[in-house]
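Q: Before anything else, here's the structure in question.
The values are calculated or read from the model by the stated rules, or taken from the named source; none is laboratory data. From a predicted model like this one, the values you see are computed outputs, not experimental measurements. Cβ: placed from backbone, ideal geometry, glycine included. Neighbour counts: every protein chain shown.
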Amino acid sequence: MSQEVLPGETAEEPRTAAATAVLEIDDLRTHFFTRAGVIRAVDGVSCAVRAGETLGVVGESGCGKSVTALSVLRLVADPPGRIVGGKIRFGGANLLDLSESEMEAIRGNDISMIFQEPMTSLNPLLTVGRQIREAITVHQGLSARAAMDQAVEMLRRVSIPEPERRVHAYPHQLSGGMRQRVMIAMALSCNPKVLIADEPTTALDVTIQAQILELMRELQETFGTAIILITHDMGVVAENADRVVVMYAGRKVEEAGARTLFEGPGHPYTRGLLDSIPKLDVAAHEDAHRIRLNEIKGMVPSLHNLPDGCTFAPRCEFATDQCRAAYPPLLQHRPDHLIACWHADKLLTKPA
Amino acid sequence: MTATEGDGAQPLIEVRDLKKHFPIIKGVFSRPAGTVYAVDGVSFQIDAGETLGLVGESGCGKSTVGRTLLKLLEPTSGQIIVRGEDISGNDHKRMLPYRRQMQMIYQDPYASLNPRMSAGEIVSEPFVIHRVATGERQDRVAALFERVGLRPELMHAYPHEFSGGQRQRIGIARALALSPEFVVADEPVSALDVSIQAQIINLLMDLQDEFKLSYLFVAHDLAVVEHLSHRVAVMYLGRIVELTDKATLFDMPLHPYTEALLSAVPIPKYSAESRKRVILRGDVPSPINPPAGCHFHTRCLYAHARCRAETPALREVNPGHWASCHLHDAGVKFPLASPGG
């Protein structure tokens, strides 16, 4: 039942999805040209996100998930990075064809981004109100005073207590959770159609993480924002994403609806990742001889020295000669379930 | 009076009312301008071969407990009893024999290894300091390398040549060099990728079985702590608010903070409806000026007048299950909401 995806065709996404997608990344290739050689940080990644939907992008460090996000906004440092191929479709245009000034009109306005570490992405010399106001004055042409009122309103919307006072605070005067709220307020101040959240809660404590994720969900429901949620945390994805893309060594290895993916992961990497995480409920009830976690042997390959064939093969327990010889195509093995693995059909019939 | 009385057998480690306060010094005249109550009266015990998990959010004092327990920091007050001996007042010289038996694994494998020493030198340094195994150091180091899953040839490589997971293995080999009985592991896996995390967790558990190690496992990730520990202590602003075996903690938390913490952990499973969560308001208050009464009352969903005035004692609510919360006196039924569902 596997269906080959022909190059140049977007059969990867169901056509209906592609038609209603707000943002569509098509065969994106972002490479870094270093003295040690070309690093293919993102090597042919496609995905799409619809209004009101959350697309989760998961993977470990160096898998290319953050570079994908930065590529969408064309924020990859050049040199050494360069987008060498693909399209990013948004609002009927390919963002990669736009001029820098056209791009500036989109950043922070139609597409916003929040980063992992709010302390390094906020300007320590400016009050948070000033920083939120900047986006509003640039994109919406409001007067300074009207923009300030809107900044206060945004802080209130992200549940910052005493917003009239906090608007005059500097970033260092706020806690980590509050700074992340400020980042969200800033990102949402122009009602973006797409919000890219790169590890938005990784630096936060769990009780604060719960607050921030809840806030993002509420705001999404109110404004119908499409969210691309980039994270390494499978739990965060399971509880927040509608669709999930799993990345490994610069490529998408699996994509499915959240339910399909978590109930029947198809790629050995996804299965391995899910098995290697301690689960709170299971962990609490193991006996004294605790269960060993599943290990994915070895480590993520270095991107300038990728193995031939499937990049996961050296760590994969199912790898065969076929895997070591050629990279598997990304095929639809079940309705709405794409997997790049030679053995996916066999694995899908095996209980995880 | 403390959460330490076991079943008669002498525990390996016992901590009684441990406090560590840091003065805040300001200005040219070094005036004391306040105090950070990092650890403010903590008691627990650890048996031989046991892992006690210590969980809490950033700034709750969990790492300070680990460091003070090893006397890497001088305790402000309280007792640290190792096999019946109080070592809290020991000077550097009298600490030496204990240092061999009590080791530490650090969170950041990038910061805790000297970049100018080779991996082999790092692992053999404890032998040099304690003047043991003079003739056979190379062999001992090679054996340690193998035991933690590193190829012995790598002895001559420097820390920057290793990945994060391998560096953590070097840190573990160094901690094990002198065959300690007790190891404080301070967030040993939180800097690692998920697939590498599992390797290190398994290694720590295997080593425990093999060498009958006791661990104080300090971490913020409740799932990891539950996986590795036998019993778990939950800290909030310098105090232990709950302490019990891991299954009871998960099934029947007795402190509202534990309940919120359990409910905040995202679970990597699909469910059609979003979980019913206890979402705490606000942030953790500063340990410089902790709230009066119960430290948690500013964020607690069930706080009442007494919580704002009176500090609840950590008391044994059920056999082996310690909690510090006034609600138990008020007869409120726990758990308040099902954490797993």
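Q: Those residues that are exposed (fewer than 14 other Cβ atoms within 10 Å of the Cβ) and farther than 20 Å from residue B:215 by Cα, I need them from segment B:59-95; list them, please.
A: Residues satisfying the conditions are B:74, B:77, B:89, B:91, B:92, B:93, B:94.
Q: For the structure I just gave you, tell me whether residue B:263 is of a type in the set (Gly, Ala, Ser), within 11 Å of another protein chain (Cβ to nearest Cβ) and either without any contact (Cβ under 8 Å) to a residue 40 or more places away in the chain or loosely packed, with under 15 Cβ neighbours inside 10 Å (or both). Can you show your working first?
A: Values: of a type in the set (Gly, Ala, Ser): yes; within 11 Å of another protein chain (Cβ to nearest Cβ): yes; either without any contact (Cβ under 8 Å) to a residue 40 or more places away in the chain or loosely packed, with under 15 Cβ neighbours inside 10 Å (or both): no.
Spelling it out, it is not the case that residue B:263 is of a type in the set (Gly, Ala, Ser), within 11 Å of another protein chain (Cβ to nearest Cβ) and either without any contact (Cβ under 8 Å) to a residue 40 or more places away in the chain or loosely packed, with under 15 Cβ neighbours inside 10 Å (or both).
Q: Do you know which residues across segment B:168-198 are touching a residue at least 12 places away in the same chain (Cβ under 8 Å), part of a helix (DSSP H, G or I) and buried (at least 23 other Cβ atoms within 10 Å of the Cβ)?
A: B:168, B:169, B:170, B:171, B:172, B:173, B:174, B:175, B:196, B:197
Residue-wise test of (1) touching a residue at least 40 places away in the same chain (Cβ under 8 Å); (2) under 16 Å from residue A:187 (Cα atoms); (3) surrounded by fewer than 22 Cβ atoms within 10 Å (Cβ to Cβ); (4) aliphatic (A, V, I, L, M).
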{"site": "A:57", "(1), (2), (3), (4)": "yes, no, no, yes"}
{"site": "A:64", "(1), (2), (3), (4)": "yes, no, no, no"}
{"site": "A:81", "(1), (2), (3), (4)": "yes, no, yes, no"}
{"site": "A:97", "(1), (2), (3), (4)": "no, no, yes, no"}
{"site": "A:112", "(1), (2), (3), (4)": "yes, yes, no, no"}
{"site": "A:121", "(1), (2), (3), (4)": "yes, yes, yes, no"}
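Q: Restricting to segment A:241-264, name every residue that is of a type outside the set (A, V, I, L, M) and in contact with a Leu (Cβ under 6 Å, 6 or more places away or on another chain).
A: Within segment A:241-264, A:243, A:255 qualify.
Q: Check B:194, B:225 and return the single one that is at negative phi, at the interface with chain A (Cβ under 9 Å from one of its Cβ atoms) and touching a Gly at 6+ places or on another chain (Cβ under 9 Å).
A: B:225
Q: Tell me yes or no: at least one residue of segment B:271-286 is part of a loop (DSSP other than H, G, I, E, B) and in contact with a Phe, Trp or Tyr (Cβ under 7 Å, 6 or more places away or on another chain).
A: Within segment B:271-286, none of the residues are part of a loop (DSSP other than H, G, I, E, B) and in contact with a Phe, Trp or Tyr (Cβ under 7 Å, 6 or more places away or on another chain).
Q: Has segment A:333-343 got any residue that is surrounded by fewer than 20 Cβ atoms within 10 Å (Cβ to Cβ), in contact (Cβ under 8 Å) with a residue 24 or more places away in the chain and among the charged types (D, E, K, R)?
A: Yes: one or more hits.
Q: For segment A:319-334, state whether one or more residues are part of a loop (DSSP other than H, G, I, E, B), of a type in the set (A, V, I, L, M, F, W, C) and either at pLDDT below 85 or under 24 Å from residue B:165 (Cβ atoms) (or both).
A: yes
Q: Part of a loop (DSSP other than H, G, I, E, B) and more than 27 Å from residue B:210 (Cα to Cα) - does that describe any residue in segment A:290-300?
A: yes
Q: Out of B:138, B:101, B:199, report the one residue that is more than 30 Å from residue B:73 (Cβ to Cβ) and more than 14 Å from every other protein chain (Cβ to nearest Cβ).
A: It is B:138.
Q: Kindly list the number of the only condition in (1) in contact with an Asp or Glu (Cβ under 7 Å, 6 or more places away or on another chain); (2) more than 9 Å from chain A (Cβ to nearest Cβ); (3) in a helix (DSSP H, G or I) that fails for residue B:250.
A: Only one criterion in (1) in contact with an Asp or Glu (Cβ under 7 Å, 6 or more places away or on another chain); (2) more than 9 Å from chain A (Cβ to nearest Cβ); (3) in a helix (DSSP H, G or I) is unmet by residue B:250, namely (2).
Q: Also: Scan segment B:279-292 and tell me whether some residue there is modelled with pLDDT of 90 or more, buried (at least 18 other Cβ atoms within 10 Å of the Cβ) and at the interface with another protein chain (Cβ under 7 Å from one of its Cβ atoms).
A: So far as segment B:279-292 goes, no, none of its residues is modelled with pLDDT of 90 or more, buried (at least 18 other Cβ atoms within 10 Å of the Cβ) and at the interface with another protein chain (Cβ under 7 Å from one of its Cβ atoms).
Q: Please give the number of the condition residue A:303 fails out of (1) within 14 Å of chain B (Cβ to nearest Cβ); (2) buried (at least 20 other Cβ atoms within 10 Å of the Cβ); (3) touching an Asp or Glu at 6+ places or on another chain (Cβ under 6 Å).
A: Only one criterion in (1) within 14 Å of chain B (Cβ to nearest Cβ); (2) buried (at least 20 other Cβ atoms within 10 Å of the Cβ); (3) touching an Asp or Glu at 6+ places or on another chain (Cβ under 6 Å) is unmet by residue A:303, namely (3).
Q: Quick one: residue A:188 ticks every box in (1) closer than 18 Å to residue A:57 by Cβ; (2) in contact with a helix residue (DSSP H, G or I) (Cβ under 9 Å, 6 or more places away or on another chain); (3) in contact (Cβ under 8 Å) with a residue 60 or more places away in the chain except a single one, so which number is it?
A: For residue A:188, the failing item is (1).
Q: Give the residues of segment B:19-61 that are aliphatic (A, V, I, L, M) and more than 25 Å from residue A:175 (Cα to Cα), sorted by residue number.
A: Selection gives B:28, B:42, B:46, B:48, B:52.
Q: Here is a list of conditions, (1) farther than 17 Å from residue A:188 by Cα; (2) assigned to a loop (DSSP other than H, G, I, E, B); (3) under 28 Å from the mean Cα position of the chain (by Cα), and residue A:169 meets all of them except one; can you say which number that is?
A: That leaves (3) as the condition not met.
Results for (1) farther than 13 Å from residue A:252 by Cα; (2) modelled with pLDDT of 90 or more, shown as yes or no for each residue.
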residue: A:31; (1), (2): yes, yes
residue: A:45; (1), (2): no, yes
residue: A:54; (1), (2): yes, yes
residue: A:58; (1), (2): no, yes
residue: A:72; (1), (2): yes, yes
residue: A:77; (1), (2): yes, no
residue: A:86; (1), (2): yes, yes
residue: A:89; (1), (2): yes, yes
residue: A:98; (1), (2): yes, yes
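Q: Restricting segment B:223-250 to residues that are modelled with pLDDT of 95 or more and of a type in the set (Lys, Arg), which is farthest from residue B:267 (Cα to Cα)?
A: Once the filter is applied, the top-ranked residue is B:239.
Q: For segment A:232-272, which residues satisfy the criterion of being in contact with a strand residue (DSSP E or B) (Cβ under 8 Å, 6 or more places away or on another chain), within 8 Å of chain B (Cβ to nearest Cβ) and among the aliphatic types (A, V, I, L, M)?
A: Matches in segment A:232-272: A:234, A:236, A:237, A:258, A:261.
Q: Same structure again: For the subset of segment A:232-288 comprising residues that are among the small types (Gly, Ala, Ser) and assigned to a strand (DSSP E or B), which member is surrounded by the fewest Cβ atoms within 10 Å (Cβ to Cβ)?
A: Among residues in segment A:232-288 that are among the small types (Gly, Ala, Ser) and assigned to a strand (DSSP E or B), the one surrounded by the fewest Cβ atoms within 10 Å (Cβ to Cβ) is A:257.
Q: Restricted to segment B:27-49, and to residues that are part of a strand (DSSP E or B) and of a type in the set (Val, Ile, Thr), which residue is farthest from residue B:312 (Cα to Cα)?
A: Ranking the candidates gives B:46 first.
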